[in-house]
Amino acid sequence: MPRPGRHLLLLAIAVITPGVLAAPASDLWPFWNASDDTSARQVEHGAWQALLDRYLVLTDDDRTLFRYASVEAEDSAALQDYVSSLASIDPRGLARPEQMAYWINLYNALTVQVVLDHPRESSILDMGNGWFLRPGPWNDRLVTIAGKSVTLNDIEHRILRPIWKDHRIHYAVNCASIGCPNLAPQAYSRANLEQLLDAGEKSYLNHPRGLRFDDRGRLVLSSIFDWYIVDFGDSRASLLEYLASRRGDIAERLREHSGTVRNEYDWSLNAADSR
């Protein structure tokens, strides 16, 4: 079980010392900034798709949950084999769309693997080797690719964000939490990349955990839009314009909003009941 009071302590630290828990900046790792856009190679993600088909659950309120407690030993081994198969590939030899799908699937598969390795925890904040000011597994060296030790933060903030500069990445990588955008039910591929990125964005922005007005008229946004506002225009006005452009039903209200904006994020594990 999670250590008592830890999440409250983290909240207190964030209030007392602003910026201590700030999200990592987009900071290119030059080693990975290479591609072969003449390459027609397609990476095989069938094993990941099989796990999604078996253990991912779509709820009535349009959230995807994962049945971590139900994963059988042979499927856990298949996940490890899948991660190993990706690690054996040097993605710099792939075309850019193939690369993006590779990194997103690897990130999500590694995250599921982390959760399976910590079956007694109810939040990813309590997983990994981080100390109390840097909770979670994001800086743990989880995989070696092309001779380089790679962390989840490397994949998201040193590879995906700086190379592609696509805000939809935030809707694609999944942190195994209720507040996070959905873990996509399909493995990403070159063929479905744009479709899944758009679908992830639409789903999250139309769900209350991403965006809503409360009964007091306050705008409640996912903390993602606070942590990564630089990827959504880097100002409140630009963020609201972006949100308005995706939510035509409340576009005018968003553009004219000058009141309180509250950020929320639920770090509870996105676990479905075992069955």
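The values are calculated or read from the model by the stated rules, or taken from the named source; none is laboratory data. What you see is a predicted model; the values in this text were computed from it and never measured. Positions of Cβ are backbone-derived with ideal geometry, glycine not excepted, and every protein chain shown enters the neighbour counts. Ligands, DNA and RNA are stripped out before the accessible areas are found, and what is left, the full protein with its side chains, is counted by its heavy atoms. Shrake-Rupley method; radii C 1.70, N 1.55, O 1.52, S 1.80 Å.
Yes/no matrix, rows are residues, columns are (1) open to solvent by 50 Å² or more (accessible area, probe 1.4 Å); (2) at pLDDT below 95; (3) not basic (K, R):
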position	(1), (2), (3)
P2	no, yes, yes
G5	no, yes, yes
V15	yes, yes, yes
P18	yes, yes, yes
S26	yes, no, yes
A47	no, no, yes
L52	no, no, yes
L58	yes, no, yes
L65	no, no, yes
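In the range 70-81, the residues that are in contact (Cβ under 8 Å) with a residue 40 or more places away in the chain form Cβ pairs under 9 Å with partners that are open to solvent by 80 Å² or more (accessible area, probe 1.4 Å), at six or more places apart or across chains, as follows: S70/R54; S70/D273; S70/R275; V71/R54.
Could you tell me how many of the residues in the range 146-159 are in contact (Cβ under 8 Å) with a residue 24 or more places away in the chain and either polar (S, T, N, Q) or surrounded by fewer than 21 Cβ atoms within 10 Å (Cβ to Cβ) (or both)? Final tally of qualifying residues: 3. Could you say whether any residue in the range 197-215 is among the aliphatic types (A, V, I, L, M), out of contact with any His (no Cβ under 7 Å at 6 or more places or on another chain) and in a loop (DSSP other than H, G, I, E, B)? No. When P185, P162 are screened for being in contact with a strand residue (DSSP E or B) (Cβ under 7 Å, 6 or more places away or on another chain), under 30 Å from I145 (Cα atoms) and surrounded by fewer than 18 Cβ atoms within 10 Å (Cβ to Cβ), only P185 passes. The condition of being within 11 Å of the chain's Cα centre (by Cα), at pLDDT 95 or above and aromatic (F, W, Y) holds for only one of Y107, Y82, that being Y107.
Quick check, is A191 in a loop (DSSP other than H, G, I, E, B), in contact with a Gly (Cβ under 8 Å, 6 or more places away or on another chain), closer than 19 Å to N108 by Cβ and among the aliphatic types (A, V, I, L, M)? No; evaluated as a whole, the condition is false for this residue.
Kindly indicate whether R141 is closer than 24 Å to Y68 by Cα and either surrounded by fewer than 17 Cβ atoms within 10 Å (Cβ to Cβ) or among the hydrophobic types (A, V, I, L, M, F, W, C) (or both). Yes. Residue check: is S76 assigned to a helix (DSSP H, G or I), modelled with pLDDT of 95 or more, hydroxyl-bearing (S, T, Y) and over 30 Å from N33 (Cα atoms)? Spelling it out, S76 is indeed assigned to a helix (DSSP H, G or I), modelled with pLDDT of 95 or more, hydroxyl-bearing (S, T, Y) and over 30 Å from N33 (Cα atoms). Taken over the range 165-179, residues that are open to solvent by less than 20 Å² (accessible area, probe 1.4 Å) and farther than 16 Å from N105 by Cα amount to 2. Annotation: of all residues in the range 113-136 being under 27 Å from N33 (Cβ atoms) and at pLDDT 95 or above, the one that is surrounded by the fewest Cβ atoms within 10 Å (Cβ to Cβ) is Q113. Checking every residue in the range 230-252 against the condition of being open to solvent by 70 Å² or more (accessible area, probe 1.4 Å), part of a loop (DSSP other than H, G, I, E, B), within 30 Å of Q113 (Cβ to Cβ) and in contact (Cβ under 8 Å) with a residue 24 or more places away in the chain gives zero matches. Figure legend. Inter-residue proximity from the range 207-222: first residues farther than 21 Å from E241 by Cβ and touching a residue at least 12 places away in the same chain (Cβ under 8 Å), second residues surrounded by fewer than 14 Cβ atoms within 10 Å (Cβ to Cβ) and of a type in the set (S, T, Y), beta-carbon distance below 6 Å, spacing 6+ or different chains. No pairs are indicated.
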